[in-house]
Structures are given as C-alpha cells and as structure tokens.
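**Student:** Have a look at this one before I ask anything.
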Amino acid sequence: MYASKVVTRRRLDVMRHMMVGENLGLIARRQMIGELMSYFFVSKHIISDGVIRSDNKGGESIFPLYLYPNPNNPKELEEPIRPNLSPEFLKDITSKLNYTLTPEAIFYYIYAIFHSPTYRDRYAEFLKIDFPRVPLTSNDEPLRGRG
C-alpha cells in the first residue's frame, strides 16, 4: 500500500506506473560502493530509497518498463500504455538488428547486460559515478528467442 501522507519525498510521478496494471521496473543505484558492482534489481512493486543500500552515498532509482496514462489528467486518459524507451533508442536498436524487439526482450537484454562481468569490468569507473548506459550491438545472439 502506498500511503502518500507517510512518505516525505513522494515520487508519485514515477511510482504510479508501478501501481497500476502489470509492470516491471529496473532498479539501479547511481553510485557504487566498493569494488563489486551489484546494484541492479527488478521489481514489480514500488520501491523506497534504501531498498538496496541504506546509506548516504547514493540512492536507488526505478525505471518502469511501461508508462501508464495519468488518470488525474483528462488530457492523458485517451493515451495508450507505452514502453518507457525513447523513440531514438528503439530506432537505433532496430537499425542495428534489422528487426524490432518487444519491450520485454529489450528489458531482459538490459538486465542481462548490467549483470555481465565484461560490462561491469569495462565500465567499472563510470558506474562508480553515474547511471549505467546501455551499449547497443548488432549481435542478436543474446536476444534470440525473446523477441
């Protein structure tokens, strides 16, 4: 249950997408503590800061897979549910692969990439200071059977 009067720094603009319908959210932490990068999780529920680590050296963010129209905004009521992926990103990945992936396949690909030891080693210094970036590839081997 989401009690808006209890939470002092509400993030309803993001969390509302996790409270309606079926959704998945990628949880990432902006800063890494120590040598091992292991701050990527998935949730189908809302989260609070500290779900991964409760310290003052960074915070968790959740990136919902789907964005739902705001029921309190009449202008959005007729809008469809849409993937939380930029049109530019979708165009780039489709161009590299020569076919279109489902949003779920992209989500699973991103989650798998973030757990790859090669990715974590290559981008270790960057991951200590910023959000992870998704490398695009024309090799669809990791995606076969998911699109």
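The numbers here are math on the coordinates, done by the rules we state, and not lab data. Note that the coordinates shown come from a computational prediction; the quantities given were computed from them, not determined experimentally. FYI the Cβ positions are ideal-geometry reconstructions off the backbone, even for glycines, and counts take in every protein chain you see.
**Student:** Filter the helices (runs of 4 or more DSSP H) completely within the range 67-147 down to those with at least 2 residues that are among the hydroxyl-bearing types (S, T, Y) and surrounded by 12 or more Cβ atoms within 10 Å (Cβ to Cβ).
**Tutor:** Hits in the range 67-147: 103-115.
**Student:** It is to be established whether one or more residues within the range 71-82 are in contact with a Ser or Thr (Cβ under 7 Å, 6 or more places away or on another chain), over 20 Å from G25 (Cα atoms) and among the hydrophobic types (A, V, I, L, M, F, W, C).
**Tutor:** No - not one qualifying residue is present in the range 71-82.
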